[in-house]
Amino acid sequence: MSGQPKTEERRPEVLLPAPTPWPLVLALGLTLVCAGLVTAVAVGILGAALAILGAVGWLQEVLPEPRHAAVAVQEETVAVKTSRREVARLKLAPELGRVRLPIEIYPIAAGVRGGVAGAAAMAMVAMAYGGLTHGSVWYPVNLLGAVVYANPFHVRPAGLLHFNFPLFLVASAIHLSTSILVGLLYGAMLPMLPRSPLLLGGGIAPVLWTGLVYSVVNFVNPLMGEEINWEWFIASQVAFGVVAGLVVLRHERVPVRQFLPPAARAGIEATGMHHD
């Protein structure tokens with residue numbers, strides 16, 4: 001009797017994002033666009049072309065469904081030793097059978113609302129600084145609004161101590177828009193520390209934001225760079241972060257949607273766009 005052919009045992013596979021060069025092309029294009037601002041127009045045009053090519057190529061890789069590559073799993077026996085009496089089971093995403101961490105996160109909208117609330121807390125600390133050190137709560141407001149002047153040193157120091165309606169409008173617009181932007185970035189960073197929004201908002205974020213402002217304030221507003229009190233500035237940033245963190249804690253967490261295709265995450269619904 002002739003022997004039956006042996007069937008090759010198929011290894012289990014796992015789906016991973018397919019490799020693609022388009023993110024590198026997009027990054028190179030954006031780098032050349034920025035370099036073109038200080039070198040030559042031709043460099044910027046070349047960068048813009050590469051950036052558009054990279055963006056289009058990348059979108060084709062993820063829409064209408066992200067491309068995946070099947071990678072064979074190499075089984076390896078690992079001896080696991082633990083002192084725990086019970087094993088805690090992680091929840092798996094049923095669509096792909098892979099662990100997704102974190103399981104739940106705070107929505108980005110919570111960070112934006114926290115930024116608005118933090119803006120009010122930060123304004124109160126800043127106005128307390130003006131009242132205690134300069135005898136006028138309008139001093140920090142006028143100091144921020146002086147950015148509209150081409151040469152802010154033309155503003156008389158005595159004029160910063162009194163209410164100035166145009167400077168009040170400018171300062172309010174700058175403060176509110178910046179706080180909303182920072183709140184948006186804060187909300188986007190929440191998945192990094194999903195269990196500690198207070199630590200992120202009241203500790204890490206003030207350090208990063210203070211360092212950024214310290215490095216650019218002399219170029220944006222030289223008058224503020226000379227008059228700013230950094231101890232009070234840090235205190236206002238901490239107040240902003242703590243209040244923003246408290247607002248975030250009042251929101252319910254939402255399940256992550258990493259396992260969904262980009263079209264579904266964008267809210268696009270169409271027959272045959274993705275598998276059931």
Checklist entry - So, by mean Cβ neighbours within 10 angstrom, what's the order for 201-212, 48-59 with the highest one leading? => result 201-212, 48-59
Checklist entry - Rounded to the nearest 0.05, what FRET efficiency do His68 and Ala120 have when you use their Cβ-Cβ distance and R0 = 41 Å? => result 0.30
Checklist outcome for this item: Ordering 242-249, 173-180 by per-residue average of other C-beta atoms within 10 angstrom, highest first, gives 242-249, 173-180
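When a/c is below 1.5 the answer is rounded, else prolate if a/b is larger than b/c, else oblate, so apply that to segment 11-74 with a ≥ b ≥ c taken from the square roots of the Cα gyration tensor eigenvalues. Don't jump to the answer; show the numbers that get you there.
On the way: a/c = 6.19, a/b = 3.00, b/c = 2.07.
Here segment 11-74 falls in the prolate category.
Assuming a ≥ b ≥ c are the square roots of the Cα gyration tensor eigenvalues, decide whether segment 105-255 counts as rounded (a/c under 1.5), prolate (otherwise, with a/b larger than b/c) or oblate. Could you put the intermediate results ahead of the total?
Numbers: a/c = 2.26, a/b = 2.16, b/c = 1.05.
Prolate.
Using per-residue counts of other Cβ atoms within 10 Å, averaged over each peptide, order 135-141, 37-43 from highest down. Intermediate results must be reported in sequence, preceding the final value.
On the way: 135-141: 19.6, 37-43: 11.0.
In decreasing order of mean packing, 135-141, 37-43 become 135-141, 37-43.
Every read-out reported here was derived from the displayed coordinates using simple, explicitly stated rules and does not represent laboratory data. Here the structure is a predicted model, which means the values were calculated and not measured. Note that we place each Cβ from the backbone using ideal geometry, even for glycine, and neighbour counts take in every protein chain shown.
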